[in-house]
Each structure stands twice: as structure tokens, then as C-alpha cells.
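Visitor: I have a structure I would like to understand better, so I am pasting it below and will then ask my questions one at a time.
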Amino acid sequence: MPSAAERTRTLVQGTCSALLVVPGLDLARAEPLIPDSRSVGPEGDVFLEFAADSPAVRAATHAQGDELTAVLEITDVAPVSVPHRIRGRAWISGWLTSVPGIAEPGRMMLRLEFGEAYVDDLWGAEDIEPEDFRDAAPDPLAFHEAELLQHLASAHDEQMRTLCGLLGERTARTCASHQPRAVPVALDRFGLRVRFVEDRGSCFDARFEFPEPVRDVTELRRAMHTLFEAAAS
């Protein structure tokens, strides 16, 4: 399974929505502080790009030393229609400074020096140590995940339903009697998570592990083919 640090790196460097919260900054009449881009440096610091006139940039520019604290809040929403669509949240707190000369004209890069982080997602809730976050890598399927899940949901509905047969005799009988929808809700290099949704609104998740971690979409296709073959037999 992916570690908490890897899952958090995936959220930071992916396409999830993110909001920068700067305690004490008066944003009553301002737009939310949503960075235009996010990246992670070699030491584990998070780099956030904003317009040069953003309140976050002004605050970071006028701050002295490491006095300006901030929190990056990330929300991960499933890219398919499914009950309970929020898959997870992560919070990274630290100290905010400006980094002149990196961004394009009219833009400014801010550095959020990693202090501590916490993730609460489909795997559970965990704290992340700075060294673990620094050394982790985002999941290689992250930038394709939304498209892949949507394709599985729209083009492979019948094959998705057959996966219930891999969950044991009791669950298979439940699936046969209630015929739930099988919605692919999350995908990573280790496996696929499916949410089985019944007509009366109840649902449960099941995780299908690949024989070995995949490194790209080509290997993913082979892994999914093997998974569907096992379900069909």
C-alpha cells in the first residue's frame, strides 16, 4: 500500500483543490488564496505560485525571517459520481517566504517550509514526518487517474460488476441479490478501490491489489486485464 507520505505527495503534486490559509491575514474582502501551481523541492519544501499582487505574496514579502506561518489545505474529490465523494484531506503547515526571480513576470513563487503534515483519507489518518515527505514520490498514475477512473466507470461497467465475485462467497451472494453498482473510486500503482453502491443508498468499499506495483499506464492495462480475467473465471 502507498505510505502516508507518498499519498500526501500525490495530493500536493496532483490536481486536487488546495487553499493556503495564513493566520491573521484579513481576507474578508479578498479571494481565497488558491495557488496557481504547486511543486515540491528537493528538501521537501512546497512551492506555491501566486499572482504578484496576491495578499499571500504581500504578506510573505513583508514578513521577517520565519515569522509568517501558513497551512496548505488540500481536498481530494473522486472524479466519478459516487456517494461520499471526498476521498481525503491533507494539511501541511510551516513557514511562508517569498522566492524572487523564479516565477514569470507578474507572478511570485512562495516557499512553504515543511513543518508538519497530516493526512486523513481512504487509508486512514496519519501524521507525516518531514524526512518521509521529502523522500517520498507521487504516485506515477496520479495525473492519469481521473481519466482512467472515468473510462472504467463509463466503458467497463459490466466488468466492474464482476469484481464482486472476488470478495468471497458471502459478499458474492449479497452482490447477486442486490446487484450494486461497482464504481471505481480510486486508483494507484498498487491497486484499485471500488465502491459498491446499492439502490437503497448503502455502500461498501473493496480494494483489489495488483500482483505487483505498476509503473505506467501500459503496465496498468495488463494488471487490469489480469484482474478482470480472474473475476470472469
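The values are calculated or read from the model by the stated rules, or taken from the named source; none is laboratory data. Keep in mind it's a predicted model, so treat the numbers as computed, not measured. Here Cβ is always computed from backbone atoms with ideal geometry, including for glycine, and neighbour counts include all displayed protein chains. These area figures cover heavy atoms from the full protein model, side chains too; ligands, DNA and RNA do not enter into them. Shrake-Rupley method; radii C 1.70, N 1.55, O 1.52, S 1.80 Å.
Visitor: Got the relative contact order for the chain handy, in percent, Cα pairs under 8 Å and 6 or more residues apart?
Guide: 17 percent.
Visitor: Order 222-228, 99-105 from most to least packed using the mean count of other Cβ atoms within 10 Å.
Guide: Descending packing order for the listed peptides: 222-228, 99-105.
Visitor: Further, regarding this structure: Among Ser39, Ser17, Ser154, determine the one that fluctuates most according to a GNM of the chain built with springs between C-alpha atoms less than 10 Å apart.
Guide: Ser154
Visitor: Run the lone-cysteine check on the chain: no other Cys C-beta under 4.7 Å from the residue's C-beta.
Guide: Lacking a cysteine Cβ partner under 4.7 Å: Cys16, Cys203.
Visitor: So, how do all the Cα-to-Cα distances of the chain break down into 10 Å bins, in percent, from 0 on up?
Guide: 7, 29, 28, 19, 11, 5, 0
Visitor: May I pose another question? Answer rounded, prolate or oblate for the stretch 9-82, using the Cα gyration tensor with square roots of eigenvalues a ≥ b ≥ c: rounded when a/c is under 1.5, else prolate when a/b is larger than b/c, else oblate.
Guide: oblate
Visitor: For the stretch 1-77 and the stretch 131-150, what is the separation of their Cα centres, given in Å?
Guide: 18 Å
Visitor: I'd like to compare 202-209, 1-8, 119-126: which one has the highest average count of other Cβ atoms within 10 Å, and what's the full order after that?
Guide: Packing order, densest peptide first, comes out as 1-8, 119-126, 202-209.
Visitor: Take each complete run of DSSP H in the chain, measure how far its Cα atoms stretch along the helix's own axis, and keep only those covering 18 Å or more with mean Kyte-Doolittle hydropathy at least -0.5; list them.
Guide: 217-232
Visitor: Does the stretch 60-110 come out rounded, prolate or oblate by the C-alpha gyration tensor, with a ≥ b ≥ c the root eigenvalues, rounded set by a/c under 1.5 and, if not, prolate when a/b is larger than b/c and oblate if not?
Guide: Oblate is the answer for the stretch 60-110, as a/c is 1.5 or above yet b/c matches or exceeds a/b.
Visitor: Here's a follow-up. Pulled fully out, how much extra length does the chain show between Arg85 and Leu25, if you take 0.36 nm times their separation in residues and subtract their Cα-Cα distance?
Guide: So the chain would gain 18.5 nm between Arg85 and Leu25.
Visitor: With the cut-off at 1.5 for a/c, could you classify the stretch 129-172 from its C-alpha gyration tensor as rounded, prolate or oblate?
Guide: Oblate, since a/c reaches 1.5 and b/c is not below a/b.
Visitor: Give me the percent of the accessible area of the chain that comes from carbon and sulfur atoms, probe 1.4 Å, all protein chains in place.
Guide: Heavy-atom surface of the chain belonging to carbon and sulfur, 1.4 Å probe: 49 percent.
Visitor: Give me the distance in nm between label points sitting 7 Å out from Cα along the Cα-to-Cβ direction at Glu229 and Cys203, one decimal.
Guide: For Glu229 paired with Cys203, the spin-label model returns 3.1 nm.
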